[in-house]
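Contents: one structure, followed by commentary.
Readers should treat all values here as calculations from the given coordinates under stated rules, not as data from a laboratory. All of these numbers come straight from a predicted model, not from anything done at the bench. Cβ atoms come from the backbone with ideal geometry, glycine included; neighbour counts cover every protein chain shown.
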Amino acid sequence: MGYWNTRGLRGSALEELINLTNDVYKQRHVAIIQKIPTPITPVEIDKKHGNISRAYFDHASTVDYIGVVQGIPICFDAKETTETRLPLQNVHPHQIEFMGEYELNGGVAFLLVWFKKTDEYFLLPYKVLKSYWDNAQADGRKSIPYSAFDHSLLITNSKGCPLNYLETLNTYLTMEE
């Protein structure tokens, strides 16, 4: 099992941008999207300050966020990379399974990926992720190259949202029609 320590969890800068954006969406009554907490069991607690100093993950969580956008159910996970590729080891089998089931039941699943090197954010549709995942399981490439990310699904800071991913999601859904 993974451990949480005083350094915190990876991805907090990206998640903070997403959380700020989700607050704007909620205030504007455009969408309601919630961060799904990862269940943990504390191992060490600093009783003086009331802080958890060490804990372990109870079990695998699903994805980072679930919500609804004007009647469309969505789920997504936030990933970041310092490389020019997204290593598939950053995605877990239970996430692939959950996202697949989510789409089978009429939802839209995707990743929000931050390439730190270029400081770019992309929406990666589940079907693209699944294609690379399946290829990796058959002893193919174990990562998704930057070049595979569709630049029409680049996420920008617009309309008062730090990371306006719903605009990009709309672009994707329009492309799919």
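Looking at the square roots a ≥ b ≥ c of the eigenvalues of the Cα gyration tensor of the stretch 46-177, which shape do they give, rounded for a/c under 1.5, prolate if a/b is larger than b/c, or oblate?
The shape class here is rounded.
Of the cross-linked pairs Lys26/Lys142; Lys35/Lys116; Lys35/Lys159; Lys47/Lys79; Lys26/Lys79; Lys35/Lys127, which ones have a Cα-Cα span greater than 26 Å in the structure shown?
The answer is Lys26/Lys142; Lys47/Lys79.
Under 5 Å between amide hydrogens, which residues at least 5 positions from Glu120 or on another chain qualify, with H placed 1.01 Å from N in the peptide plane?
Amide H neighbours of Glu120: Phe115.
Using amide H atoms built 1.01 Å from N in the peptide plane, name the residues 5+ places from Thr156, or on other chains, whose amide H lies under 5 Å from its own.
The list, which skips near neighbours in sequence, is Asn164.
Residue by residue, what Karplus-based ³J(HN,Hα) values in Hz, rounded to whole numbers, does the stretch 124-135 have, using 6.51, -1.76 and 1.60 with θ = phi - 60° and x for Gly and Pro?
Karplus-based 3J(HN,Hα) across the stretch 124-135 equals 10, x, 3, 4, 6, 4, 4, 4, 5, 4, 4, 4 Hz.
Between Arg28 and Ala138, how high is the FRET efficiency from 1/(1 + (r/R0)^6) when r is the Cβ-Cβ distance and R₀ = 45 Å? Nearest 0.05.
0.55
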